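Working notes, beginning with the structure itself.
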Amino acid sequence: MNYRIKFAKLEDLMYISHLEVIKTLRRIIRRAELPAAFSQGYNPRINLAIGPPLAVGLISQGEYFDLELDSEIDPEKLIEDLNAVSPADLRFKKAVKIPDDIRSLSSLLDTAIYTINFEYTSAKSLEEEKKMLEEFMAQSEIMIIRHRRKKSDRKIDLKKRIFSAEIIDKNKWKFAVVTGSRGNVRPEELNRALREKFSEVKGFSPLQVIREGVFVRDEADFYPPYAEKFIGS
Amino acid sequence: MQYKEKIIENLYKISSPERYTGNEWNSITKDWDPERLKVALAFPDVYEIGMSHLGLKILYHLINREDNMLAERVYAPWQDMEDLMKEEEIPLYSLESYHEIKDFDILGFTLQYEMSYTNILNMLDLSGLSIYASERKEEDPLVIAGGSTVFNSEPIAEFIDLFFVGEAEAFIITLLNKYQDLKAQGLKKAEILKKLNKMPGVYVPSLYSEEYGEQGEILALNSAPGQKDRVKKQVVQNLDQAFFPTDFIVPYRDTVHERVVLEISRGCTRSCRFCAAGIAYRPVRERSVGRLMELAEKALKSTGYDEISLTSLSTVDYTEAKKLVQAMTKKFSEKKISVSLSSLRVDKFSVELAEEVNKVRKTGLTFAPEAGTQRLRDVINKNISEDDIYSAARSAFENGWSKIKLYFMIGLPTETMEDVKGIAEMAQKIRNIGQEVRRNTKKRMRRIEVSVSVSTFVPKVFTPFQWHKMDDVETIIKKHDYLRDNIKGRSFSFSWNDPELSRLEGVLARGDRRLSQVIASAWEKGSRFEGWHECFEPRIWGEAFRENDIQPEEYLRERGENEIFSWEKLDIGIPKSFLIKEYKNAYNEVLIDDCRFADCHGCAICGNFEVDLELVGGRTNELQD
């Protein structure tokens with residue numbers, strides 16, 4: 001029995017890395033005493049597959065993992081059991097039973113949506129912000145230098161990696177960007193690129209960012225990975 | 001003050017930010033009720049090292065169980081975090097409530113190894129406290145310390161207000177309550193300390209002093225009027241019933257021991273003459289199989305770990321080792337929970353036991369022959385023969401292990417180059433046995449690997465070798481060179497300790513109060529984390545010794561039988577005469593056996609402390625058939 005489970009990683013856990021999240025999930029599943037299925041081999045582990053990594057320092061409202069159980073359990077009960085033994089800022093939100101042959105999370109999920117709270121050295125009206133965004137997105141390319149750990153810096157074009165951008169409220173910008181195996185965009189890079197164009201944009205702080213979640217892009221819409229069209233029989 | 005937002009906002013700039021955020025499962029955040037005594041439990045090394053320390057886990061849960069107290073944790077920040085804290089003006093804070101350390105009533109340090117002393121000073125300083133106890137203010141937290149190097153805490157005596165000597169779990173709550181009472185009465189810190197020093201196990205260093213002669217020798221140890229002459233260490237009686245936590249904090253970050261740790265027994269009476277723990281934690285006390293099973297089950301449920309580690313100074317000496325291990329594997333293997341053992345002895349029984357727990361995963365197996373020749377093993381009273389070692393190795397290889405790690409020491413009393421040669425020969429012989437087994441087996445077996453780890457012997461206080469002269473750096477290097485040249489080839493790896501670092505450890509391990517200044521100088525010059533090879537700078541320490549006019553060699557020399565030692569302000573319950581007798585036995589290569597299974601040798605601990613050996617399997621075990 002396979003379940004696709006949505007969870008949020010919030011402020012108190014924002015500095016926990018992707019691998020640490022996986023380790024933590026396994027321990028939560030053990031604490032919840034769920035009938036988890038184990039991998040074969042010398043070093044049996046709980047069978048669990050997680051979506052694309054969430055960078056250290058980011059908060060997310062919608063991450064996913066697939067879990068295999070040996071027996072069936074009501075999805076709502078599953079969520080309740082997990083939350084009962086989980087740190088306050090790691091919250092399980094929804095579980096959906098999925099068929100065996102469903103596409104994996106890593107092959108489905110290709111989009112991350114961020115809302116970023118930009119601050120400026122002098123106050124801006126909503127209209128001014130909308131103009132900034134228009135100007136920002138009207139560029140033919142948005143080149144930025146990506147600093148990579150233990151590797152050389154690389155130049156990349158953010159323009160190709162941003163699917164959509166809008167201003168949803170004063171100071172609140174929403175970006176849908178590529179994530180997963182086809183590349184990714186870091187919120188810090190969006191801040192930097194914007195700052196290069198408009199010097200009045202203030203520097204980056206991880207507390208300004210919320211990852212609304214990861215999604216599957218289909219035409220101009222974004223779907224959760226357990227949407228009907230993926231589960232369908 | 002709490003600094004949570006400022007901290008969270010800045011942590012993305014440094015490496016491993018999850019060291020500094022807390023919020024782990026099972027961590028305890030109590031309300032800061034004004035009535036509560038607030039204790040910050042500090043470990044003077046980084047998070048992942050400190051989080052693995054069992055003693056702190058016990059104290060954390062023990063204190064938090066009390067309604068009128070709370071305990072929170074703090075670890076040493078790594079250099080990048082220290083820089084960030086200074087730049088952003090963030091003081092050292094606790095991981096639970098993010099309160100700065102100054103807000104606490106008590107700051108308690110765990111002393112685990114000498115190489116963490118500068119970190120203690122750094123943590124005091126980052127808290128905004130003076131490093132010297134005498135300069136701290138009335139409203140500053142009381143700085144206390146305890147743990148395994150408390151038995152010679154003199155080098156840090158100037159920095160600490162109060163030491164607790166011995167096993168704290170039976171006594172810490174009484175001590176904290178007493179402190180709270182005295183404080184509520186409005187007494188000044190100096191008065192409070194005088195009163196606390198009258199309690200068992202409490203050592204207030206400012207109430208004691210050392211008198212030096214012209215040559216720098218210690219003439220006398222003095223105590224303040226009305227205070228006890230010597231401080232008796234405290235021992236837990238009936239370990240089986242003693243408090244032991246099961247709701248361990250579960251870290252996110254990889255730490256040294258990410259598993260349920262069960263202390264199956266405390267103390268060891270094997271009487272290895274170099275071993276500090278073997279003297280300091282006497283007598284042997286064991287927990288019962290029933291109690292351990294109950295603790296294991298609770299802890300697994302509470303933490304979600306998939307491994308149990310059975311720890312003690314010598315796990316196979318636990319009198320019901322086989323029964324315990326079988327019961328554990330039977331009960332937990334279905335849930336895919338593995339059991340691991342620490343501190344195996346070099347014998348066939350250990351291999352059998354390891355085989356029992358390690359039915360699937362064959363990783364490495366570690367043996368500690370300690371010395372390369374039988375003569376030297378007799379000097380240190382290791383009580384294992386050449387035969388034991390080779391048959392243990394053979395049986396390990398035959399059971400499918402292909403990697404064996406061997407621990408040795410150089411610089412033991414009476415050692416000659418013959419003994420050093422013996423280390424290389426033993427390593428080669430074990431490799432040969434492994435290769436022979438591999439050639440003749442039908443099973444698939446990985447390539448044989450023997451790794452040899454050699455540390456430099458550091459004489460420790462309250463051991464029969466506390467009089468011994470430590471090797472000088474040239475001698476250590478000569479021995480290392482010999483071993484490097486003779487333990488070569490694809491199947492070997494050889495590792496050793498930095499000789500300069502071992503020497504510094506040697507100085508601090510048998511040091512006195514005069515070293516406080518040296519440690520302070522080294523810290524001021526930027527020395528931190530000496531235990532981390534890459535952080536240790538001998539140059540800084542050289543300068544620190546010179547500036548304070550201290551000759552490190554003075555602390556490493558052979559000591560005279562009638563010398564007064566700085567650490568003799570403490571009474572660990574074993575008379576000096578026993579240690580001297582054992583030192584002489586070493587030179588005469590006289591063996592003594594384990595008093596658990598044979599005659600009493602008169603170390604006097606049981607009589608002095610009115611304690612008994614607590615052996616759950618009676619005075620025999622599977623070893624004695």
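The values are calculated or read from the model by the stated rules, or taken from the named source; none is laboratory data. Predicted model only: the values in this text are computed from it and were never measured. Ideal geometry is used to build each Cβ from the backbone, glycine not excepted, and the neighbour counts take in all protein chains shown. Quick note on the areas: whole protein, heavy atoms, side chains included, nothing else; ligands and nucleic acids left out. Shrake-Rupley method; radii C 1.70, N 1.55, O 1.52, S 1.80 Å.
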Counted residues in segment A:1-30 being open to solvent by 20 Å² or more (accessible area, probe 1.4 Å) and not in a helix (DSSP H, G or I) come to 5
I'd like the residue in segment B:4-21 that is more than 9 Å from chain A (Cβ to nearest Cβ) and surrounded by fewer than 18 Cβ atoms within 10 Å (Cβ to Cβ) and, out of all such residues, is nearest to the chain's Cα centre (by Cα).
B:SER15
Which numbered condition A:ARG91 misses (of (1) buried (at least 16 other Cβ atoms within 10 Å of the Cβ); (2) modelled with pLDDT under 95; (3) within 20 Å of the chain's Cα centre (by Cα)):
(2)
For segment A:22-44: of the residues being more than 20 Å from A:GLU80 (Cβ to Cβ) and facing chain B (nearest Cβ under 8 Å), which is modelled with the lowest pLDDT?
A:TYR42
Is one or more of the residues making up segment A:59-70 on the phi > 0 side of the Ramachandran plot, part of a loop (DSSP other than H, G, I, E, B) and either open to solvent by 30 Å² or more (accessible area, probe 1.4 Å) or within 14 Å of chain B (Cβ to nearest Cβ) (or both)?
no
With the condition kept exactly as written, say whether any residue in segment B:88-103 is under 23 Å from the mean Cα position of the chain (by Cα) and either of a type outside the set (Gly, Ala, Ser) or within 14 Å of chain A (Cβ to nearest Cβ) (or both).
no
Exactly one of B:LYS86, B:LYS38 is modelled with pLDDT of 95 or more, of a type in the set (Lys, Arg) and assigned to a helix (DSSP H, G or I), and that one is B:LYS86
Could you run through segment B:1-47 and say how many residues are in contact with a Lys or Arg (Cβ under 6 Å, 6 or more places away or on another chain) and under 30 Å from B:LEU175 (Cα atoms)?
2
Options B:VAL450, B:VAL420: the member that is crowded, with 18+ Cβ neighbours inside 10 Å and part of a helix (DSSP H, G or I)
B:VAL420
Take segment B:319-347 and flag every residue that is more than 24 Å from B:LYS301 (Cβ to Cβ) and either open to solvent by less than 30 Å² (accessible area, probe 1.4 Å) or at pLDDT below 75 (or both).
B:THR319, B:ALA321, B:SER343, B:LEU344, B:ARG345, B:VAL346, B:ASP347
Hey, B:TYR93 in contact (Cβ under 8 Å) with a residue 60 or more places away in the chain, over 30 Å from B:LEU313 (Cα atoms) and open to solvent by less than 20 Å² (accessible area, probe 1.4 Å) or not:
yes
Given the condition within 14 Å of chain B (Cβ to nearest Cβ) and of a type in the set (Asp, Glu), answer yes or no: does some residue in segment A:93-101 qualify?
no
Find all pairs meeting these conditions: Cβ atoms under 9 angstrom apart; at least six residues apart or on different chains; first residue within segment A:8-20 and more than 8 Å from every other protein chain (Cβ to nearest Cβ) and among the hydrophobic types (A, V, I, L, M, F, W, C); second residue outside any loop (DSSP other than H, G, I, E, B) and open to solvent by 30 Å² or more (accessible area, probe 1.4 Å).
A:ALA8/A:GLN61; A:ALA8/A:ARG91; A:ALA8/A:LYS93; A:LEU10/A:GLN61; A:LEU10/A:ARG91
For B:ARG273, all conditions in the list (1) away from every other protein chain (no Cβ under 14 Å); (2) out of contact with any Pro (no Cβ under 7 Å at 6 or more places or on another chain); (3) in a loop (DSSP other than H, G, I, E, B) hold save one; what is the number of the exception?
(2)
Considering only segment B:566-576, state which residues are open to solvent by 30 Å² or more (accessible area, probe 1.4 Å) and either in a loop (DSSP other than H, G, I, E, B) or touching a Gly at 6+ places or on another chain (Cβ under 9 Å) (or both).
B:PRO575
Tell me the residue from B:GLU297, B:GLU307, B:GLU356 that is among the acidic types (Asp, Glu) and open to solvent by 70 Å² or more (accessible area, probe 1.4 Å), please.
B:GLU297
Can you say whether B:GLY278 is more than 14 Å from chain A (Cβ to nearest Cβ), at pLDDT below 95 and assigned to a helix (DSSP H, G or I), as far as the supplied structure shows?
yes
Go through segment B:513-536 and give me each residue that's more than 19 Å from B:ASP45 (Cα to Cα) and either assigned by TED's automatic domain parsing to the domain that holds B:ASN152 or open to solvent by 10 Å² or more (accessible area, probe 1.4 Å) (or both).
B:ARG513, B:ARG514, B:GLN517, B:SER521
If a residue has to be open to solvent by less than 30 Å² (accessible area, probe 1.4 Å) and out of contact with any helix residue (DSSP H, G or I) (no Cβ under 8 Å at 6 or more places or on another chain) to count, how many in segment B:423-435 make the cut?
1
Checking B:LEU300 against (1) within 14 Å of chain A (Cβ to nearest Cβ); (2) over 30 Å from A:SER17 (Cβ atoms), the condition it does not meet
(2)
The condition from (1) touching a residue at least 60 places away in the same chain (Cβ under 8 Å); (2) surrounded by fewer than 21 Cβ atoms within 10 Å (Cβ to Cβ); (3) within 14 Å of chain A (Cβ to nearest Cβ) that B:PHE243 misses is numbered (3)
Tally of residues being closer than 14 Å to B:ILE144 by Cα and either touching a Cys at 6+ places or on another chain (Cβ under 6 Å) or not in a helix (DSSP H, G or I) (or both) across segment B:173-222
5
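Could you say which residue among B:ALA220, B:ALA170 is assigned by TED's automatic domain parsing to the domain that holds B:ALA133, of a type outside the set (Phe, Trp, Tyr), out of contact with any helix residue (DSSP H, G or I) (no Cβ under 9 Å at 6 or more places or on another chain) and buried (at least 16 other Cβ atoms within 10 Å of the Cβ)?
Unique residue meeting the criteria: B:ALA170.
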Going by what's in this entry, would A:ILE144 be described as in contact (Cβ under 8 Å) with a residue 24 or more places away in the chain, under 23 Å from A:GLY57 (Cβ atoms) and either surrounded by 12 or more Cβ atoms within 10 Å (Cβ to Cβ) or within 14 Å of chain B (Cβ to nearest Cβ) (or both)?
yes
If a residue has to be in a helix (DSSP H, G or I), under 22 Å from the mean Cα position of the chain (by Cα) and buried (at least 21 other Cβ atoms within 10 Å of the Cβ) to count, how many in segment B:104-134 make the cut?
10
